[in-house]
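What follows is a single structure, written as structure tokens, with notes after it.
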Amino acid sequence: MNKIIIVVLVVFCLVSCKKDQILTDVKLVANDSIARDAQLMIDGYLIDIFSKVDDSENVDPCLNPSENFPVISLNPNHTALGKSYYDFVIISKDYRNQLKGTKIIEDGVCQKWVLRSPQLKPVVDAKYEIQGMVNVSDNNCYVKVYDENNSSQAILKIILNDEEVISNFNTTKEVWEENIFLDNGMNFIAIESILEGDQSETPVISYIEISSMEVTQTFKMQTINDKPGAFLIASTK
């Protein structure tokens, strides 16, 4: 009889525990002006922003919530008994730096998530000139690169997130187009060009189309030998 009661209690607990999700409160704080107002994303969704930390590092993270210290409630994503994991991206206010990773947090225990500026890494290598940014709401995109005037004899190389997707490409002769998959958070597309002889210092203008969720955005990118250009692509939900 006791065994039957125990089994019933276990089954009841398993069913009821799934309904009673334990929320975990986290206070988002940043310790300097560079990290301040960085955006937190979890699974591609913008959650909240970090604010500047006060003078005391020992303040209970759940006391005195205010605008300067946003407190968010995370839904559990269990990875172990009593703990949950969160795939996150943190994006700086100027969108040029970010931090990616997985954070394991004890369920139901309020705590601080502290952000320090050295944790944020540049999205784009310094050799590229960032010429703008576009936003997309889906990771699957269609990209098209072409030369509207068909006047340049430049040889191009297209880079997506530090990976070369095509080289020895000439927009005068052909249009390059391909489906791409973006990471959550900040991405970049860059073009390097080579023009020889008298044209070596001539700017090369390429047109880029990015289509996502039936929305197409078109922009121009300028490159010169040894001076590649880049555009940031923010993929958020």
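The values are calculated or read from the model by the stated rules, or taken from the named source; none is laboratory data. Keep in mind that this is a model prediction, so the values were computed, not measured. For neighbour counting, all protein chains shown are included, and Cβ atoms are generated from backbone atoms with ideal geometry for every residue, glycine included.
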What pairs come up if the first residue lies in the range 95-107 and is closer than 10 Å to Ala80 by Cα and not assigned by TED's automatic domain parsing to the domain that holds Gly82, the second is exposed (fewer than 12 other Cβ atoms within 10 Å of the Cβ) and not aliphatic (A, V, I, L, M), and their beta carbons are under 8 Å apart, counting only those six or more places apart or on different chains?
none
Residues in the range 32-54: is at least one modelled with pLDDT under 65 and either assigned to a loop (DSSP other than H, G, I, E, B) or β-branched (Val, Ile, Thr) (or both)?
yes
Give Phe231, Phe181, Phe219 a once-over and let me know the one that is under 30 Å from Leu40 (Cα atoms), loosely packed, with under 13 Cβ neighbours inside 10 Å and of a type in the set (Phe, Trp, Tyr).
Phe181
Within the range 192-213, take every residue that is in a strand (DSSP E or B) and of a type in the set (Ser, Thr, Tyr) and give me the one that is surrounded by the fewest Cβ atoms within 10 Å (Cβ to Cβ).
Tyr207
Would you mind stating whether Val71 is surrounded by 14 or more Cβ atoms within 10 Å (Cβ to Cβ), under 21 Å from Thr24 (Cα atoms), modelled with pLDDT of 95 or more and not assigned by TED's automatic domain parsing to the domain that holds Ile159?
no
For Asp125, which of the numbered conditions (1) in contact (Cβ under 8 Å) with a residue 24 or more places away in the chain; (2) surrounded by 15 or more Cβ atoms within 10 Å (Cβ to Cβ) fails to hold?
(2)
Are any residues in the range 160-174 over 23 Å from Asn139 (Cβ atoms) and in a loop (DSSP other than H, G, I, E, B), and if so, which ones?
Asn170, Thr171, Thr172, Lys173, Glu174
